[in-house]
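In what follows, a single structure is set out as structure tokens and then discussed.
The values are calculated or read from the model by the stated rules, or taken from the named source; none is laboratory data. Given the structure is predicted, the values throughout are model-derived calculations rather than measurements. For neighbour counting, all protein chains shown are included, and Cβ atoms are generated from backbone atoms with ideal geometry for every residue, glycine included.
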Amino acid sequence: MDTFKLEANGLALIVDNTINDEAAGVTEFTIGTRISLTIATQKTRNLADIFNNFTSPETGSFDHSRTRISLVRLDGEFLSRSEARRIASGLEKFRHVDLDFAKVDFVDQGFADELFRVWARMHPNTRIVPLNANRVITMMLGRADTTTRVPSPADGAH
């Protein structure tokens, strides 16, 4: 789909795949749930190309996931261990997960350690690849597990 909007109880989640962006906010829609989406009929998308983004070339199995996280403040902490556990919930079903830090300025050491050391060791068949991490995040992720090389901005993984 090109755009997706979920509204419930005064809150909204909007995903716009045409500009690769997501947003959450308030809405006038306050009772019940409303879902809307748009799909451009003139696109030249190929279903095989779409599925290839989420399957393994070796096995053809659906085992890749792309997860985007945005900076969320919960209980006065930014991206803590508990947030890392919530983000990782269900990722063990995939062999490869791209974790996009594009809109995140900072993660604390507990978040990095929980996801890239503790969780990663408990799920060795799932590879989490950080994308678009700034220098600070790259440093924190690199400290979490010295056996795993985290791509740096110099590698083009900004």
- Which numbered condition residue 13 fails, given (1) at pLDDT 80 or above; (2) touching a strand residue (DSSP E or B) at 6+ places or on another chain (Cβ under 6 Å); (3) assigned by TED's automatic domain parsing to the domain that holds residue 123: (3)
- Message: Return the pair list, or none, for Cβ contacts closer than 7 Å from residues in segment 43-71 that are surrounded by 14 or more Cβ atoms within 10 Å (Cβ to Cβ) and at pLDDT 80 or above to residues that are among the hydroxyl-bearing types (Ser, Thr, Tyr) and outside any loop (DSSP other than H, G, I, E, B), at least 6 apart or on different chains.
- Response: none
- Query: Within segment 28-39, can you find the residues that are at pLDDT below 85 and either surrounded by 12 or more Cβ atoms within 10 Å (Cβ to Cβ) or touching a Pro at 6+ places or on another chain (Cβ under 7 Å) (or both)?
  - Reply: 29
- Message: Could you go through segment 99-106 and let me know if any residue there is modelled with pLDDT of 90 or more, of a type outside the set (Asp, Glu), surrounded by fewer than 17 Cβ atoms within 10 Å (Cβ to Cβ) and assigned by TED's automatic domain parsing to the domain that holds residue 62.
- Response: no
- Message: I'm told residue 141 meets every condition in (1) buried (at least 22 other Cβ atoms within 10 Å of the Cβ); (2) over 16 Å from the mean Cα position of the chain (by Cα) except one. Can you identify the failing condition by its number?
- Response: (2)
